[in-house]
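Below: one structure, written as structure tokens.
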Amino acid sequence: MKEDLSLFVRHMLTGLGICTVFAAISLLTAGKGMLLGALFIGYAAAAICIFTLVWRTWRSMKLSAEAAKKQMLWGFFVRLFTIFAVFFAAVQISRAVFYTAVLGFALCYGLAMVLLLRRGLLQDKH
């Protein structure tokens, strides 16, 4: 499990690094370099959601069906609150900050889901 997790983190950091370089180039050439912070806020919100999803799922494996259901429901509300709080704060600042934070969230969360699905599909084949 630790090897899988470290490999996942390594792939996530590599993918996010590439995405950040392209996003930074795009923002800087458009004269919107100040929006890089919003991109990282989106990354942070997605990281919280991913961590909550993985941790609650791992924790639920050892519980009864009813307790696991409560655990997953609690994680769902934590993720919803995180998304709501971050995006609500971003939209209060400006539309550009909101859209950039959503872009950062989508990049990070999407990359994580692709990596998790890819890893799961590879394990099913072997």
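The values are calculated or read from the model by the stated rules, or taken from the named source; none is laboratory data. Fair warning: this is a prediction, and the values are worked out from it, not measured in the lab. For neighbour counting, all protein chains shown are included, and Cβ atoms are generated from backbone atoms with ideal geometry for every residue, glycine included.
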Filter result for residue 33 (touching a helix residue (DSSP H, G or I) at 6+ places or on another chain (Cβ under 6 Å), small (Gly, Ala, Ser) and surrounded by fewer than 13 Cβ atoms within 10 Å (Cβ to Cβ))
yes
Just a yes or no: is a residue in the range 50-58 polar (S, T, N, Q) and in contact with a helix residue (DSSP H, G or I) (Cβ under 6 Å, 6 or more places away or on another chain)?
yes
Number of the exception - residue 35 against (1) in contact (Cβ under 8 Å) with a residue 60 or more places away in the chain; (2) over 13 Å from the mean Cα position of the chain (by Cα); (3) within 19 Å of residue 117 (Cα to Cα)
(3)
Which listed residue is touching a residue at least 24 places away in the same chain (Cβ under 8 Å) and of a type in the set (Ser, Thr, Tyr), from 20, 14, 100:
100
Test residue 77 against the criterion of being within 11 Å of the chain's Cα centre (by Cα), surrounded by fewer than 18 Cβ atoms within 10 Å (Cβ to Cβ), part of a helix (DSSP H, G or I) and at pLDDT below 95, and give yes or no.
no
Does residue 23 satisfy the criteria of being at negative phi, in a helix (DSSP H, G or I) and more than 13 Å from the chain's Cα centre (by Cα)?
yes
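Each row is one residue, and each column tells you yes or no for (1) aromatic (Phe, Trp, Tyr); (2) at pLDDT below 90; (3) surrounded by 12 or more Cβ atoms within 10 Å (Cβ to Cβ); (4) out of contact with any Gly (no Cβ under 7 Å at 6 or more places or on another chain).
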{"position": "2", "(1), (2), (3), (4)": "no, yes, no, yes"}
{"position": "17", "(1), (2), (3), (4)": "no, no, no, yes"}
{"position": "22", "(1), (2), (3), (4)": "yes, no, no, yes"}
{"position": "37", "(1), (2), (3), (4)": "no, no, yes, yes"}
{"position": "41", "(1), (2), (3), (4)": "no, no, yes, no"}
{"position": "45", "(1), (2), (3), (4)": "no, no, yes, yes"}
{"position": "48", "(1), (2), (3), (4)": "no, no, yes, yes"}
{"position": "54", "(1), (2), (3), (4)": "no, yes, yes, yes"}
{"position": "64", "(1), (2), (3), (4)": "no, yes, no, yes"}
